[in-house]
1. Could you run the Karplus curve 6.51 cos²θ - 1.76 cosθ + 1.60 with θ = phi - 60° over the range B:239-254 and give me ³J(HN,Hα) per residue in whole Hz, x for Gly and Pro?
2. What is the range A:11-116's relative contact order, in percent, from Cα pairs under 8 angstrom and six or more apart in sequence?
3. Order of A:Glu34, A:Glu242 from fewest to most other C-beta atoms within 10 Å?
4. Filter the cross-link list A:Lys22/A:Lys45; B:Lys247/B:Lys268; A:Lys22/A:Lys61; A:Lys22/A:Lys112; A:Lys46/B:Lys96 down to pairs whose alpha-carbon distance in this structure exceeds 26 Å.
5. Could you grab the relative contact order for the range A:222-291? Cα pairs under 8 Å, six or more apart, rounded to a whole percent.
6. For A:Phe88, A:Phe231, what ranking results if the residue with the fewest other Cβ atoms within 10 Å of its Cβ goes first?
7. What shape does the range A:400-452 have by the C-alpha gyration tensor, where a ≥ b ≥ c are the square roots of the eigenvalues, rounded means a/c under 1.5, and otherwise prolate means a/b greater than b/c and oblate the rest?
8. Give me P(r) over the range A:11-116, computed from all C-alpha to C-alpha distances, binned every 10 Å, as integer percentages.
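The numbers here are math on the coordinates, done by the rules we state, and not lab data. Since this is a predicted model, take the numbers as computed values, not measurements. Using ideal geometry, Cβ is built from the backbone for each residue, glycine included, and neighbour counts are taken over all protein chains shown.
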Amino acid sequence: MPQVKIIARNFMDMVAALPAMKLDQLYQNAFICEAILRSLPPLAKKYVIQMLYIEEAVTTKSIEEWVLPDGLSKHKVAIDRLLQLRIFSEAFDRSSGTSYRLNPTFQSNLQKHITCGGVLPREPMPSSITARLPSLEDLAVFAFALEQWECFLLQLINSTQAEKMTNISPSMMRIFQRGLLTQRDKEPPRLTESGFQFLLMDTNAQLWYIIREYISNSEERDVDSADLISFLLELSFHATGEAYNMNTLTEVQRNTLKDLADLGLVKLQQGRKESWFIPTKLTTNLSVSLTDSSSRKEGFVVVETNFRIYAYSTSKLHCEILRLFSRIEYQLPNLIVGAITKESLYNAFDNGITADQIISFLQQNAHPRVAERVPSVPENVTDQIRLWESDLNRVEMTPAHFYDEFPTRDVFEAACDFAREYGGLLWEDSKKMRLVVKTDVHMHMREHLRRQRQ
Amino acid sequence: MASAPSKLYADDVSLLVVLLDANPFFWSASSLPFSKFISHVISFLNSVLLLNQLNQIVVIATGHNCCDYVYDSSSPASRSAGTGKLSALSVDLLEKLEEFVGRDEKLLKKEPEGSIASSLLSGSLSMALCYIQRVFRSGPRHPHPRILCLHGSQDGPEQYVAIMNAIFSAQRSMVPIDSCFIGAQNSAFLQQASYITGGVYLKPQLLEGTFQYLSTVFGTDLHSRGFLQLPKSVGVDFRASCFCHKKTIDMGYICSVCLSIFCKHHKKCSTCGSVFGQPHSEAASEPNKKRKAGDT
């Protein structure tokens, strides 16, 4: 079965792909430097801090001496990343070889940040104005964010469970759904394999996927992607739950905020004279989730050794996700009970979900009571899921050609040796002189046999 | 003594507990002024907070008579906005530090005798370990803790027992104790602490570059320590102090029940109460030698 993996293209790859001038422009904003620093692999972060106050270039050899032999591969990854993002610039000198230097704008911004701290371009609004509307505590803001995000996801997969529609325009929705849903004529849209894999990713990865689609689409709407990226990264440094005035934003940023409110990233409110926005937890998590580290949220699934699943959740989205690979038996006010069966798993495998994805979903969302146990999902369950998956992979197919009726044994032996040399021999039968050879070797085989005849 | 067992760390989120030496007797005589030192430390702390949103920092000031928390990055009060010239961390930290020094001074009863004016390292180590234990119990996803001692005062031998207890407790919880020693001579206690718990001990040679030493060596999170070259310990002074007079000794008497160390013979162990037998003097061993000579 073809294993299609959703290309969880990193947001930082998109930033790194920006043209050099735009990237240098981005680095003039201190918060972007900070966000990008946080997204680097740990060794790269260390190198940046160590080189922070060094004005001259440091030779590659000296930097390699900092690392133990075990860490050389990580060292290469870190240096490549730094060069890709233009944080390190390379210089070649005949006497001392290649050397690296920190990007000067990046360097001075970080130095200022370390000594003077960062100041946001806008201050939170005084509570005298915001208190006129019902006050939003942290929990209420978080609940709002979750609700909006779930609504959006349910609408994304065109589920009939979505209770209310968000304000996103149908064209925007179609852009997000591109790659996740397919529509055949006269049939309701179905989730593709990538769509299923998308649902099983954790919230931060999903969020970045949507934002990446949004930004790549921005060029068509005449919005500069670098501006959007810088605004989003800046937003992630605002304090959750604090109100910020809308009049500090440009027109483009205000439009962006309206779209983000539909996703649950900010909450818009209108006072008597002014309007303001309140960033939610999803926004502040944007800069946390730039690296590949796992998200740190509460799990809700308990998997037992008798293949039953108990999910302590009220969310319809969770129910839909569990329905993808298990048979939901009943739903109680705070509990979803299901069972992993062979049929439900075969259903999932038909839809393109792999056993690894299911297992990692169960492990990452394990309820705190079982999360401390090693392993968090019982081994017999994980082993059985993998075995059922390999059941469907019993037959391996390779395109090949079949050769028969060789004139003499010598020709047959020569052909066998020839095929073996090229690594294309799949099967031979010496008694009846039959041969099966891979398709890519077929043409060479024909040439060889023709030469033999002459 | 074996050094700490190694642990696998999945990510680089760290909790850094800094024990800052605020002993007025040491700083008045130090070549590096305290204000310069604090500016290096504050830049270093800001750089640690910069690297990861989930990093946490706790600063405990070690005074001559008392120790106290002066900064905790995870407490809600610490999110006050900085002014344009100073970061939020500096504002909070310097305010609390001033209050602390005032309190420490009030507790001073008399001038310390002799030249040793040590700071209360055992107290601050214990406070740090208690905080870390609370973090361990806060749930499965907690930052990885380590302790950094920024110390300069000389060792006070009367604190030997308490410090060794704290060191073994840190070894058990797998919390490395790093030490950056800015005083004149090496500190035996801190060398032992770093050796036993698997941390790094460094005595910087150029105090003007303290920030660079801090960020290069002590800023390494526990995950990256497996890949980077860090200073290895050159020689550790393993001498103990006796339990009765708190003097540093090489040879002494040890209770076979609780392993307490004494410099002179006592009738009873002061820690566990077991009774000791007669001391083996030179005169008592002579009859044995005569008997052996008689046999052959």
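1. Coupling constants for the range B:239-254: 5, 9, 10, 6, 7, 8, 10, 6, 8, 7, 10, 9, 10, x, 9, 10 Hz.
2. Numbers: 97 pairs, mean separation 37.4, N = 106.
Answer for the range A:11-116 is 35 percent.
3. Values: A:Glu34 22, A:Glu242 17.
Ordered by Cβ neighbours within 10 Å, fewest first: A:Glu242, A:Glu34.
4. Values: A:Lys22/A:Lys45 22 Å; B:Lys247/B:Lys268 19 Å; A:Lys22/A:Lys61 31 Å; A:Lys22/A:Lys112 22 Å; A:Lys46/B:Lys96 30 Å.
Correct reply: A:Lys22/A:Lys61; A:Lys46/B:Lys96.
5. Working: 77 pairs, mean separation 27.3, N = 70.
After rounding, I find 39 percent.
6. Numbers: A:Phe88 25, A:Phe231 18.
If I rank by nearby Cβ atoms, fewest first, I get A:Phe231, A:Phe88.
7. Details: a/c = 1.60, a/b = 1.19, b/c = 1.34.
Because a/c hits 1.5 or more and a/b fails to exceed b/c, the range A:400-452 counts as oblate.
8. Computed distribution, short to long bins: 14, 49, 32, 6.
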